[in-house]
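The values are calculated or read from the model by the stated rules, or taken from the named source; none is laboratory data. All of these numbers come straight from a predicted model, not from anything done at the bench. Positions of Cβ are generated from backbone atoms using ideal geometry, with glycine treated the same way; all protein chains shown enter the neighbour counts.
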Amino acid sequence: MSRYAERWKIVVLGGAALLAVLLVAPRAGVADQLFHTVRLSLMLTPDGAAAGHPALRSGHVVDIHPNGPVNGAHERYLLNGAKPKTAYDVVLRVFDNNCAGAPSGFDRLKTVTLTTDQHGNAQGKFDFPAMAPLPEPLFFGVRWTLLDANGLVAYDTDCITVGLD
């Protein structure tokens, strides 16, 4: 094969590869530029300790905003070393604008129930559906809490500001 034919082959293959990328890219979700993925540690509350809930060996909430056409946010939950064979409701406490203010009208939003095994371990997930773009970004505070069967906050995260666009 001549050099000319080899170069032409490279140009054609490169163009085909670029076309394939352009055709696939619009369908893929784009990472949220307003809110970046965060991993928050779950901590034993004083009320939880008083009620006999143990300090966790590890526990966290991962909040991911993919900005995709199907899912607006993915949340992943992990408990290691909680009270064995116990159900915990994951409840988001939502605050107006930031974490310093009073809870909003959506104060308690339950996502899932985590039930620990005989070792106190559990994992779960919740996906928020995608929504139409907002005319301007919306910011609010969120604290993830784990409530036991009596409604007591056994574990929680720090409160963070979440942005939606």
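Things to note:
Residue-wise test of (1) under 16 Å from A55 (Cα atoms); (2) of a type in the set (A, V, I, L, M, F, W, C); (3) touching a His at 6+ places or on another chain (Cβ under 9 Å).
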site: V112; (1), (2), (3): no, yes, no
site: G124; (1), (2), (3): no, no, no
site: P129; (1), (2), (3): no, no, no
site: P133; (1), (2), (3): no, no, no
site: L147; (1), (2), (3): yes, yes, no
site: I160; (1), (2), (3): no, yes, no
site: L164; (1), (2), (3): no, yes, yes
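- Number of positions in the range 36-66 that are touching a Phe, Trp or Tyr at 6+ places or on another chain (Cβ under 9 Å) and over 17 Å from A122 (Cβ atoms): 3
- When the range 51-81 is limited to residues that are hydrophobic (A, V, I, L, M, F, W, C) and part of a loop (DSSP other than H, G, I, E, B), the one that is surrounded by the most Cβ atoms within 10 Å (Cβ to Cβ) turns out to be L56.
- A search for C-beta distances below 9 Å between a residue of the range 45-58 that is on the phi > 0 side of the Ramachandran plot and any residue that is part of a loop (DSSP other than H, G, I, E, B), counting only pairs 6+ apart in sequence or on different chains, returns G52/K83.
- Within the range 108-130, being assigned to a loop (DSSP other than H, G, I, E, B), free of Cβ contacts under 8 Å to residues at least 40 places away in the same chain and either surrounded by 15 or more Cβ atoms within 10 Å (Cβ to Cβ) or not assigned by TED's automatic domain parsing to the domain that holds V62 (or both) holds for one residue alone: T116.
- Whichever residue in the range 105-135 is over 14 Å from the mean Cα position of the chain (by Cα) and polar (S, T, N, Q) and, among such residues, is farthest from V90 (Cα to Cα): Q118
- Residues that are in a loop (DSSP other than H, G, I, E, B), surrounded by fewer than 18 Cβ atoms within 10 Å (Cβ to Cβ) and not acidic (D, E), drawn from the range 134-165: L134, P135, P137, A149, N150, G151, L152, C159
- For the range 38-88, filtering for residues that are β-branched (V, I, T) and in contact with a Pro (Cβ under 9 Å, 6 or more places away or on another chain) leaves 1.
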